[in-house]
Amino acid sequence: MSAASPLLVVENLEAGYGPINVLHRLSLTVHVGEIVTIIGANGAGKTTTLNTICGLVKARTGRIVFNGHDLTQLPPHNIVRLGLAQSPEGRKIFPRLTVRENLEMGAYTRTDPEGVAADIQKWYKMFPILEKRKSQLGGLLSGGEQQMLAIARALMARPKLLLLDEPSLGLAPQVVVQIFAVIQELNRQGVSVLLVEQNARMALKIAHRGYVLETGRITGTDRADLLLHDPRIRQAYLGE
Amino acid sequence: MFELLAIHPAVAELGQFLILGLVLGSLYALIAIGYTMVYGIIELINFAHGDLFMLGSFLALGVAIGLGVLTADAEVAWVILTIVLMLILTPLFCACLNVTVDRIIYRPLRKSPKLTVIVSAIGVSFIFMNIGLFWRGATPVKFPDLIADTNLIEGTGFRFTWKDAMVVGITVPAMIALTVLVKFTTLGKAMRATAQNPLAAQLMGINVNRVISATFAIGGALAGIASVVYGLYIKSVDYQMGFQNGLYAFTAAVLGGVGNIPGAVLGGLVIGVVGELGKAYLGAKWSEALIFGILIIILLFRPTGLLGARTREKV
Ligand SMILES: Nc1ncnc2c1ncn2[C@@H]1O[C@H](COP(=O)(O)OP(=O)(O)O)[C@@H](O)[C@H]1O
Ligand SMILES: [Mg+2]
C-alpha cells in the first residue's frame, strides 16, 4: 500500500473556531486506492478535519495537498472541482429537492450532461431505493435512504477521493452493514475513501489504515487490522 | 347574450374591485418575490427592497422624460419604444443596485448577528429614500399616462382596460419566467439548494456568494418591472411610495410563507384583493386593519404562512 502514490497529504494542520484551535499539528495521508479511517470520540475534531480539507473551515497553519494541488487557500466550491467530495455528517440532504435533483446538485461542477445522466442511472442500480424514490422530496426519505442519497450525491461529482463523515450515525444495524458494504464496493471500483466514524469496529474492519484522533491530535496510526487488535484501542474505542 | 344576463350593478361593482385588487395584488406579488427570495437564501428581511422599487419608478420616469414621451398622444411607436426601454433599463438598474448593496454592505456582514444586518438594511432603506428625495423632491410627481383606459370588455358590465391588460401582460410572463428559472435551470436549482442548506451547497461546488448575487439581481429586476408597471398604472410616483408598497409586499411574503415563491404570489394577490374590498366596503381607513387582521389570523393557524414549508428535515 505504501508503495502507492499519495492522493491526499495533510501536514501540521491547525484549524478551529474563533479563538479556539481544535486541530493541533495534524498530519495524515491517503494513498490512491485506500480506505483510511479516522476514529475518535465525540468532539475529538473528526468533522473539523474533514471540513478543513474541504475548505469549509479555514486552515490556520499547515498544508493540505490533494493530487498535486495545494488546497489550503482554496474556497470549497473550487476544491470539489479537483475531485474531492464529501458526504457530510448528518447527511445534509436538500430537503425540498427531489432525490433526482439532489443527485443533479452533486454533479453541479460537471459540464457533461450525458455523463451525468448515465451516472444517475449507475447509482440508481447500486441504490435501487433511490430510483424508486427519485421523484420524492429528499426530506421525506428515511435516515438510511438519506445516507445512501448523501453518498450517491457526493459520487455524482466523480471524486477521486470520497470523504465520509459518520455514515452510520443513527442508522439501524442492518442498514449500517449495507452502507459499509457499499463503501467497500465503491473502493473496489477505484474510489479512495477517507472515513470518519465513531463506530470504530465497523470502520476498522473495512479500512486499510487508521488514525486515532484525540482532542485534535493524532495519537496513533497503523494498519487497520492491527488497530483492531490493539488492546488500548479495543479498550478505548471498541468498548472492551 | 350578455344583455340577457343583465348584471346587477352591485355585482359589476364587486367585479371591478376584484379586478383592481388582482392588478395591485400582482404588483405586490412581484415585489414580494424579491423579499421572499432574499429571505429564503440569507434570512435577511431586506427593508430596502421597497425603496429600490421606488428608485426604479424614478428611473422609468427618467426614461419617459429623456425620450420626451409624456402623454398618450405621442406616436404609438414612440410610446411602445418608451415602455420597452423602461422595461429593459429599470430592471437592469434595480438588479445592479441590489447586487451592489449586497456586495458592499450585506456580504461583509454575512457572519454577523442577524440584527446587525437587519439594522443595516433599514439604513440602506433610508439612504434610498433620501436619494429619491434629492432626485425628484418631496411632492408626488406625475408619471406619464401612456396607456389608454379604453374598456376592452365593453358591454359585459365590467371594465378591463388596456392598463389592466398591460399589468397582466407584464406581471404574468415575469412570474412564469421566474418559475421556470427557479424550477428547471441549474441556477434555479442551485438557488434552492443554497436556501435549503448553504453548507451542503458549498460541498456540491456551488459558489454561494455568486448564487446570492444572482438572487439579489433577480429580486431587484422583478422590483424594477413592478415599478414600471406601477408608474404606468397609478400615474404618480413619490419618494415614500416604497414604504407602503414594500410593507404590503413584505406582508404578502409572510402571508404566503416567507421563502416560498408561489406563496409570495398568492399572498400578494390576497392582500391586493382584500385591500381593495376593504377600501370599497369598509372604507379606506379600515383597509389596512383588515389586511393585518387577516395576516394575524392566518399566522395564528398556520405559523409558516399559507404555503410555508411543511416538510421537516430529518436529522
Ligand atoms: N461550528 C463550530 N463552532 C465552534 N466550535 C465548534 C464548531 N464545530 C465544532 N466545534 C468544536 O470543535 C471540537 C471538535 O468538534 P468536531 O470536529 O465536530 O468533533 P467530532 O466530529 O470528532 O465529533 C468540539 O469541541 C466542538 O465543540
Ligand atoms: Mg463529527
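The values are calculated or read from the model by the stated rules, or taken from the named source; none is laboratory data. As the structure is a computational prediction, the values presented were derived from the model and not from experiment. Glycine gets a Cβ as well: all are built from the backbone with ideal geometry, and neighbour counts include every protein chain shown. Side chains included, ligands, DNA and RNA excluded: accessible areas come from the protein's heavy atoms. Shrake-Rupley method; radii C 1.70, N 1.55, O 1.52, S 1.80 Å.
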Checked segment A:124-176 for anything within 26 Å of A:ASN42 (Cα to Cα), part of a helix (DSSP H, G or I) and free of Cβ contacts under 8 Å to residues at least 24 places away in the same chain; matches are A:GLU145, A:PRO173, A:GLN174
Is segment A:11-20 home to any residue that is within 16 Å of ligand 1 (Cβ to nearest atom), open to solvent by less than 10 Å² (accessible area, probe 1.4 Å), out of contact with any Ser or Thr (no Cβ under 6 Å at 6 or more places or on another chain) and hydroxyl-bearing (Ser, Thr, Tyr)?
-> no
Cβ-Cβ below 6 Å, separation at least six or inter-chain, first residue in segment A:40-59 and away from chain B (no Cβ under 13 Å), second in a helix (DSSP H, G or I) and near ligand 2 (Cβ under 8 Å from one of its atoms): which pairs?
-> A:GLY40/A:LYS46
Qualifying residue in segment B:194-211 (condition: out of contact with any Phe, Trp or Tyr (no Cβ under 8 Å at 6 or more places or on another chain), in contact (Cβ under 8 Å) with a residue 12 or more places away in the chain, among the small types (Gly, Ala, Ser) and farther than 30 Å from A:LEU82 by Cα) | no
Here, helices (runs of 4 or more DSSP H) confined to segment B:174-255 with at least 1 residues that are hydroxyl-bearing (Ser, Thr, Tyr) are B:186-196, B:208-234
Does B:THR186 count as surrounded by fewer than 19 Cβ atoms within 10 Å (Cβ to Cβ), in contact (Cβ under 8 Å) with a residue 24 or more places away in the chain and hydroxyl-bearing (Ser, Thr, Tyr)?
-> no
Kindly indicate which of A:GLN189, A:GLN178, A:GLN198, A:GLN174 is at pLDDT below 95, surrounded by fewer than 18 Cβ atoms within 10 Å (Cβ to Cβ) and closer than 24 Å to A:LEU26 by Cα.
-> A:GLN198
Can you pull out the helices (runs of 4 or more DSSP H) entirely within segment A:39-113 that have at least 3 residues that are under 23 Å from A:GLY210 (Cα atoms)?
-> A:46-53
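Okay, residues lined up against (1) buried (at least 17 other Cβ atoms within 10 Å of the Cβ); (2) away from every other protein chain (no Cβ under 14 Å); (3) more than 16 Å from ligand 1 (Cβ to nearest atom):
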| residue | (1), (2), (3) |
| --- | --- |
| A:LYS125 | no, yes, yes |
| A:PRO128 | no, yes, yes |
| A:GLN147 | yes, no, yes |
| A:LEU164 | yes, no, no |
| A:ARG209 | yes, yes, yes |
Would you please name the residue that is farthest from ligand 2 (Cβ to nearest atom), looking only at residues in segment A:34-55 that are farther than 13 Å from A:LEU163 by Cα and open to solvent by 30 Å² or more (accessible area, probe 1.4 Å)?
-> A:ALA41
What tally of residues in segment B:195-212 results from selecting those that are surrounded by fewer than 20 Cβ atoms within 10 Å (Cβ to Cβ) and closer than 14 Å to A:ALA154 by Cα?
-> 1
Go through segment A:64-108 and give me each residue that's under 26 Å from A:GLY138 (Cα atoms), hydroxyl-bearing (Ser, Thr, Tyr) and more than 8 Å from chain B (Cβ to nearest Cβ).
-> A:SER87, A:THR98
Here are B:THR215, B:THR304, B:THR251, B:THR311: which of them is at pLDDT 95 or above and of a type in the set (S, T, N, Q)?
-> B:THR215
